[in-house]
Each structure stands twice: as C-alpha cells, then as structure tokens.
Amino acid sequence: SLSHTHTHSPSTAALQCLKRKKMYEAQADQLANQQLRIHDQKIMLEGAKATTETVAAMRSGAQAMKNLQKETNIDDVDKTMEEITEQTENLRQINDALGQPVGFAAEIDEDDLDAELQELEAEELDRQLMEPAVPPSSAKAQEEEFSGLDLPTVPTGGMTAAATKTEEDELAALEAEMAL
C-alpha cells in the first residue's frame, strides 16, 4: 500500500479554520431562523389566545343579556310605561284641582280683570303723555355744572299775574298795529 503523507502546511490549517468558521456561521444562521420561527409561533399563539378570550367574553355577555331580557319583556315595559303615564296624568289632575281658586277668588272673572288692567294702563299712558317734558338732568345738577361761570339766574317759578298781563298787553298792541 502506498502511504500518503499529509503535510500540514500553514495554508491548509487556515483553510480548515475557514471551513469550520463557515460551518459555525451556517449553524448560527440556522439557529437564528429557528428562534425567529418560534418567536412568530409565540406571537400567533398569543393572538389566538386573545381572540379565544374575546369570543368567550362576548359569548358570556350575550348570554347575560339574554338572561336579563328573559326577566323583562316588551309587554312588561309597555304596561309599566302606561302605568307611569296614567299616574302622571292623575298627579297633573290633582295639582290642577288644588290650584283652582275657591271662595271670593273663584268669583272673579279673568276677562274683567284683563279689561280693567288695560284701562288702567291706558289711563297711566295718557297721564304720562299730558305731563310736560322734564329735561334729563335736574336744575340742581345744572347749577353745580355751571357754578364757576358768571351766568344770570333762570327763574324757576311760574309766571306772575303781572308778567302775564304785560305779555297780553304787548300782544294786543302788536295785533292793533298789524290791523292798520
């Protein structure tokens, strides 16, 4: 037999090292991919569990609603609403009866009262229209406002009989002159 002698040169050792490195890298990639698949499955399982719990909660809620509706049917609700309406109407009638005037107040005619009120309002309006217009500020306020000025005083009383007579005389003289 021929003997094969393998000489281990530094380049051969380096090649083997590179091969091992590539093998380890491939194995690391394979493990990373497996971890990723496991992580994906975990997320899918958690989602499925949440969906199952949601459906179970909804089913439970639907059953609870169904049980509550068995206790209350639409006929009972209608009957209860009719009773409430009837009791409300009874209470309104009682309040109306209690609010009705009795004795002297029952004998007063509302139309007569309205007519009398309108008459009084009309009289008050007539009285206000017949009063002389009063300036918005009082004489006292005007005195204070112009107190620093040297102005003549304004008479505040009515006209005297003599002043009225003088005006009438002047008016008569003027008419006589115009008649010429």
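When the surface is traced with a 1.4 Å probe over the full set of protein chains, ILE43 keeps roughly 90 Å² accessible. Taking all protein chains into account, the per residue accessible area for the range 1-129 stands at 95 Å² (1.4 Å probe).
Stretching the chain fully between ILE74 and GLU110 yields a gain of 8.2 nm (0.36 nm per residue, less the alpha carbon separation).
The values are calculated or read from the model by the stated rules, or taken from the named source; none is laboratory data. This one's a predicted model, so the numbers in the text were calculated from it and none came from an experiment. To get the accessible areas, we keep the full protein, side chains included, count just its heavy atoms, and leave off ligands, DNA and RNA. Shrake-Rupley method; radii C 1.70, N 1.55, O 1.52, S 1.80 Å.
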